[in-house]
Structures are given as structure tokens and as C-alpha cells.
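The numbers here are math on the coordinates, done by the rules we state, and not lab data. Predicted model only: the values in this text are computed from it and were never measured. Virtual Cβ from ideal backbone geometry, glycine too; neighbours counted across all protein chains shown.
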Amino acid sequence: MSSVATQQAPASAGFEANLAKTKEILQRIAGEFEPAVFASSLAAEDMVLTDLILRSKLNIAIFSLETGRLHAETLGMLDRIKENYGIEVALYKPEAAAVEEYVQKNGLNAFYDSVEMRKECCRIRKVEPLNRALDGKKAWVTGQRRAQSATRAELHVQEDDAAHGMQKFNPLADWSEEDVWHYLRSNNVPYNPLHDKGYPSIGCEPCTRAILPGEDVRAGRWWWENPESKECGLHVVDGKLIRIKQVS
Ligand code: SF4
């Protein structure tokens with residue numbers, strides 16, 4: 001199914017139950033895990049969580065990783081959020097010296113050369129800034145969904161993130177893509193215009209392409225690699241997926 005068709009599909013039968021559960025989880029995070037943060041990639045799922053957090057004025061700070069390689073449309077979402085909700089998303093950027101060294105040694109787009117080169121670029125531009133953003137926090141929240149890809153099939157709503165020494169919450173783990181779009185449209189939530197151009201999943205500009213009808217929703221991310229290696233390192237350790245313990 002193409003992303004545009006998915007955007008126009010009705011919500012699933014479980015939508016209301018999923019929404020109620022997500023609201024309850026977010027309330028619990030804000031109440032029991034201060035300080036908690038939400039890592040927003042500014043994509044559709046993240047706008048659902050942004051809206052839920054800000055509408056209810058929940059005590060969960062929102063930040064984004066500004067890798068230096070994002071689409072102009074993605075960066076434009078920062079202004080849309082400010083216009084809509086009156087808040088500035090905190091930005092975490094890579095260390096300039098590390099980026100300079102990588103580019104000088106390997107070239108600006110060396111991530112196309114090998115999985116190792118790609119992971120090193122992600123480490124510098126995403127993983128290290130994420131670690132800084134999570135420093136001193138009790139919990140973090142992501143917009144990941146189980147149905148997004150093979151690498152997310154085991155995703156749980158609450159996980160023990162041993163790598164960061166805190167709880168990690170994926171409140172949209174059970175949501176379908178149709179439910180995400182139903183929420184955005186029925187609540188007039190702003191979203192990244194790239195979603196209307198065939199980008200269901202959006203990352204850095206040189207590593208993301210539009211997908212064709214029938215392709216997997218994450219087929220446009222690092223499309224030159226095998227599906228099993230397609231994570232940016234934010235949810236993996238030492239190049240491997242973390243088999244995180246579920247917390248009931
Ligand atoms: S997604 Fe691409 S450009 Fe962005 S940090 Fe990873 S390898 Fe680098």
C-alpha cells in the first residue's frame with residue numbers, strides 16, 4: 001500500500017483503545033519518571049506524540065537530533081511546532097570536530113561505501129548527540145511502531161534500556177500506520193510535507209528516498225543495505241539490535 005493511500009484509509013477497529021492506552025502511558029511517564037524526554041524525529045508518529053504531550057501539558061521535554069543532513073521540510077517542522085504550540089524543540093547537534101574529521105578522512109557521503117561507514121556517520125551525527133540528550137534522565141520516549149519494519153517486530157511499549165540506564169517507552173508500539181494518519185487528520189496536527197510525496201519514513205536527506213506502491217514503509221531508509229542492518233544505532237548497541245527486556 002502506498003503511503004498516500006494509507007494516509008487516506010480509515011482508523012483500525014482498535015484505534016480508540018490504542019489511543020486511550022497511549023494517553024495513560026504518557027501520563028504515567030510524566031508522573032513517575034521525571035525528568036523524562038521525548039526524542040522526536042519530526043515525522044508523522046512523532047507529531048502524534050508531540051500533540052498528545054503538548055495538548056495535555058505533560059511534563060515530558062521534547063528534543064530532536066539535528067544531524068546537519070536533514071531535509072528542509074523536516075527542519076521546517078520546527079517552525080510549524082512553534083507556530084502551533086508555542087514551544088521550541090530542543091536541538092542536539094553532532095560535535096563539529098568529529099564531523100569534520102569524518103568528512104576529511106572519508107568524504108562527505110562515505111556512508112554509501114559500507115555499513116561500517118554508515119554506522120560511523122550515524123554514531124557521530126545521531127548516537128553521540130542522543131547520549132548527551134539522555135544524560136541524567138529517568139526515561140525516554142520514542143515514536144517507534146512494531147509494524148514499521150523487520151527490525152522493530154519485537155518492540156514493546158515499555159523496555160528496560162540497559163545501554164542508557166533508564167526506561168524506554170514506545171507508546172505507539174501497537175499503532176497501525178492508518179491509526180497514525182487518522183489521529184493527525186482528525187486533530188489537525190501539522191505534519192512533514194514529505195509524507196505526501198511518498199516518504200512514509202523520514203531520516204537524513206541523503207539516506208532517505210520515496211518508496212514505490214507496495215514497498216515496505218522503511219524501504220526508503222538506507223535502501224542500498226539489507227533490511228536487517230537498517231537502524232541508525234539509536235536503538236542498537238555495538239552494531240546489533242538490543243534484545244531489550246520487556247517491562248510488564
Ligand atoms: S542517516 Fe545517513 S547522513 Fe544521517 S547520520 Fe546516518 S549515515 Fe549519516
Given unit charges at Cβ for Lys, Arg (+) and Asp, Glu (-), the dipole magnitude of the chain about its Cα centre in debye, nearest 20, is 180
Please list 3J(HN,Hα) in residue order for region 108-125, calculated via the Karplus relation 6.51 cos²θ - 1.76 cosθ + 1.60 where θ = phi - 60°; whole Hz, with x for glycine and proline.
4, 10, 5, 5, 6, 6, 6, 4, 4, 5, 5, 5, 5, 5, 4, 4, 5, 8
Based solely on C-alpha atoms, express the radius of gyration and the Dmax of region 1-148 in angstrom.
17.5, 52
Pairs to check: LYS23/LYS168; LYS126/LYS168; LYS168/LYS197; LYS21/LYS93. Give those whose C-alpha atoms are more than 22 Å from each other in this structure.
LYS168/LYS197; LYS21/LYS93
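In what order do HIS71, HIS164 fall by count of nearby beta-carbon atoms within 10 Å, going from fewest to most?
HIS164, HIS71
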Along the charge dipole of region 3-246, pointing to its positive end and built from +1/-1 on Cβ of Lys, Arg, Asp and Glu, which listed residue (TRP222, GLN158, GLY86) has its Cα farthest out?
GLN158
From the Cα trace of region 67-142, what convex hull volume per residue do you get, rounded to a whole Å³?
123
Computed on Cα atoms, Rg of region 99-169 relative to 2.2 N^0.38 Å comes out at 1.36
Residue-span extension gain [ARG132 to ARG209] - 0.36 nm each, minus C-alpha spacing:
24.9 nm
How large are Rg and Dmax for the chain when only the alpha carbon atoms are used, in Å?
17.2, 52
Can you tell me the length gained on complete extension of the stretch ASP79 to LYS23, counting 0.36 nm per residue apart and subtracting the Cα distance?
17.6 nm
Residues of region 38-63 with the amide nitrogen closer than 20 Å to a label point 7 Å from the Cα of HIS164, along Cα-to-Cβ, please.
38-54, 58-63
How big is the Rg/Rh ratio for region 49-101, C-alpha atoms only, Rh by Kirkwood, two decimals?
1.06
